[in-house]
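Student: Dropping the structure in here first, questions after.
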Amino acid sequence: MTNTEFDDIWNRAQHIPSPFMPEEHAQLLYNLALENPGTVVEIGSWHGRSSVVLGSAVKSLRKGQLYCFDHWNLIEDAECIMDQDIWRSWNNQIAQWQLQEVVTPGRAYSQKAAEEWPANKTIDLLFIDGWHEYWETGPLIIPPEDIQEYGIKGWLKDGKMIPAHEHQPSFDRGAKVDFDIWTPKVRTGGIVVLHDLNPDFPGVMKVWQEDVESSKEWTIIQSENNIGVARKS
Ligand SMILES: C[S@@+](CC[C@H](N)C(=O)[O-])C[C@H]1O[C@@H](n2cnc3c(N)ncnc32)[C@H](O)[C@@H]1O
C-alpha cells in the first residue's frame with residue numbers, strides 16, 4: 001500500500017457522515033484489511049465510512065469479501081423512520097465506490113446476523129462498532145433527545161406509522177453481545193478490532209478489560225487512541 005492510495009480514499013471517505021472515524025482509524029482499518037486478507041466482518045456501518053475504507057482494501061487485494069452487518073433501523077418487522085435514510089445512503093456509497101462485488105450487506109441486528117452466519121465459515125478480520133453499551137436486553141426505548149436529534153417520525157410497521165414510544169422492539173444488544181457471538185468465528189491468528197475504546201463508552205472498555213486484557217486467548221496489538229486491536233492465539 002502506498003500512502004497515495006490511502007490518501008485518495010480518505011479524501012473521499014472523510015465526507016461520509018460518521019459519528020467518529022478519524023483518518024488515523026481509517027488508515028489503521030485499511031492496513032489491517034490489507035494485512036489480513038480473506039473474510040472481513042464489520043458490525044455497525046451507519047452511512048458507510050468504515051465500510052468503504054475496508055471495502056477498498058479488500059477490492060485492491062482482488063480476493064476476499066467484506067460483510068457489513070447493521071440493522072439500518074429495520075428491526076424485525078418494523079422500520080424506524082427518521083430524517084435521513086441511512087440504509088439508502090449506505091447503498092449509494094457502496095455503489096458510488098463500485099464496491100458491490102466485494103461488499104455484502106446484512107440488514108439485521110447483530111445477534112440475528114450471527115445466528116445466520118454459516119457454521120464453518122471463519123473470519124480473518126472482525127471490526128466491532130455497533131451498540132456501545134455493555135449488554136442490554138428487553139425493549140429498545142428511543143430517548144426523547146434522539147427523537148429530536150435524528151428527526152424520528154416513528155416506526156413503520158405493516159404500512160402504518162406507530163409513534164416512537166408505542167413500539168419498543170426487544171433484542172439483545174451491546175459490545176459484550178457482539179464480542180461473545182462473533183469472536184468465536186474468528187480464526188486462530190485472526191484479528192478483532194473494538195472501536196471507541198475510551199471512558200465515554202464504559203461498556204466497550206469493560207469488554208476489552210474482561211475478554212481481551214484478562215484472557216490468554218488474545219494478544220494485544222494496540223489499545224490506545226480509542227481503538228483496540230488484538231490477535232487470536
Ligand atoms: C457507531 S455507528 C457505526 C459507525 C461506522 N462504523 C462508521 O464508520 O461511521 C453504529 C452503528 O451500529 C448499528 N447498530 C447498533 N446496534 C446494532 C445491533 N445490535 N445490530 C446491528 N447494528 C447495530 C447502528 O445502526 C449504527 O449504524
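Bear in mind these aren't lab numbers, they're just calculated from the coordinates by the rules spelled out. Predicted, not measured: the structure shown is a model, and the values here were computed from it. Methodologically, a virtual Cβ is constructed for each residue, glycine included, from the backbone with ideal geometry; neighbour enumeration extends over all protein chains shown.
Student: Looking at the P(r) of the stretch 162-201, how many percent of alpha-carbon pairs lie beyond 11 Å?
Tutor: Working: 588 of 780 pairs.
Pairs farther apart than 11 Å: 75 percent.
Student: Pull up the DSSP beta bridges for the chain and report the antiparallel fraction as a percent, rounded to 5.
Tutor: Details: 20 of 39 bridges.
Once the DSSP bridges in the chain are tallied, antiparallel ones form about 50 percent.
Student: When the chain is fully extended, how far beyond the present Cα-Cα distance does Glu24 get from Arg187, taking 0.36 nm per residue of separation?
Tutor: On the way: separation 163, 0.36 × 163 = 58.68 nm, distance 2.59 nm.
56.1 nm is the gain from fully extending Glu24 to Arg187.
Student: Expressed in nm to one decimal, what extension gain is obtained for the pair Glu136 and Glu101 from 0.36 nm per residue of sequence separation less their Cα-Cα distance?
Tutor: On the way: separation 35, 0.36 × 35 = 12.60 nm, distance 3.45 nm.
Value of the extension gain: 9.2 nm.
Student: Which peptide among 37-50, 121-134, 102-115 comes first, and what is the full order, when sorted by highest mean count of other Cβ atoms within 10 Å?
Tutor: Top of the packing list down: 37-50, 121-134, 102-115.
Student: For the stretch 39-83 and the stretch 154-174, what is the separation of their C-alpha centers, rounded to whole Å?
Tutor: Measuring centre to centre over Cα atoms gives 22 Å.
Student: Moving to a separate point now. What is the distance, in nm, between label points placed 7 Å from the Cα along the Cα-to-Cβ direction at Asn91 and at Asp180?
Tutor: 3.4 nm
Student: As a check on your grasp of the helix formula, calculate [θ] at 222 nm for the chain: sum -39500 (n - 2.57) over DSSP H runs of n ≥ 4, divide by the residue count, round to the nearest 500. Can you show the working numbers first?
Tutor: Numbers: 8 runs with 76 residues, N = 233.
When only DSSP H runs of four or more count, the value is -9500 deg cm²/dmol.
Student: Under a 5 Å amide H to amide H cut-off, with H placed in plane at 1.01 Å, what residues pair with Ile123 once short-range neighbours are removed?
Tutor: Under 5 Å from the amide H of Ile123: Val186, Arg187.
Student: Any of Lys185/Lys216; Lys176/Lys232; Lys63/Lys121; Lys121/Lys153 with alpha carbons more than 27 Å apart? Name them for me.
Tutor: Details: Lys185/Lys216 17 Å; Lys176/Lys232 17 Å; Lys63/Lys121 16 Å; Lys121/Lys153 39 Å.
Violating the 27 Å limit, Cα to Cα: Lys121/Lys153.
Student: If each Cα of the stretch 146-233 is one equal point scatterer, what is log10 of I(q)/I(0) from the Debye formula at q = 0.15, 0.16, 0.24 Å⁻¹?
Tutor: -0.68, -0.72, -1.14
Student: Further question on the same structure: To the nearest 10 degrees, how steep is helix 49-61 against the longest Cα principal axis of the chain, on a 0 to 90 scale?
Tutor: Rounded to the nearest ten degrees, it is 40.
Student: What list of ³J(HN,Hα) couplings, whole Hz, do you get for the stretch 218-233 from phi and the Karplus terms 6.51, -1.76, 1.60, once you set θ to phi - 60° and write x for glycine and proline?
Tutor: Karplus values, whole Hz, x for Gly and Pro: 10, 9, 6, 9, 8, 9, 10, 6, 6, 8, x, 10, 9, 10, 7, 8.
Student: If you take the beta carbon distance between Asn3 and Leu61 as r and set R0 to 22 Å, what does 1/(1 + (r/R0)^6) give as a FRET efficiency, to the nearest 0.05? Numbers along the way, then the final one.
Tutor: Details: r = 17 Å, r/R0 = 0.79.
So, using R0 = 22 Å, E works out to roughly 0.80.
Student: Here's another thing I want to ask about it. With viscosity set to 1.306 mPa s and temperature to 10 °C, compute the Stokes-Einstein D of the stretch 13-139, Rh being the Kirkwood radius across alpha carbon pairs; µm²/s, no decimals. Don't skip to the end; give the middle numbers.
Tutor: Numbers: Rh = 15.0 Å.
In µm²/s, the coefficient is 106.
Student: Also, I was wondering about something else. Considering Cα pairs under 8 angstrom that are at least six residues apart, work out the relative contact order of the chain and quote it in whole percent.
Tutor: After rounding, I find 18 percent.
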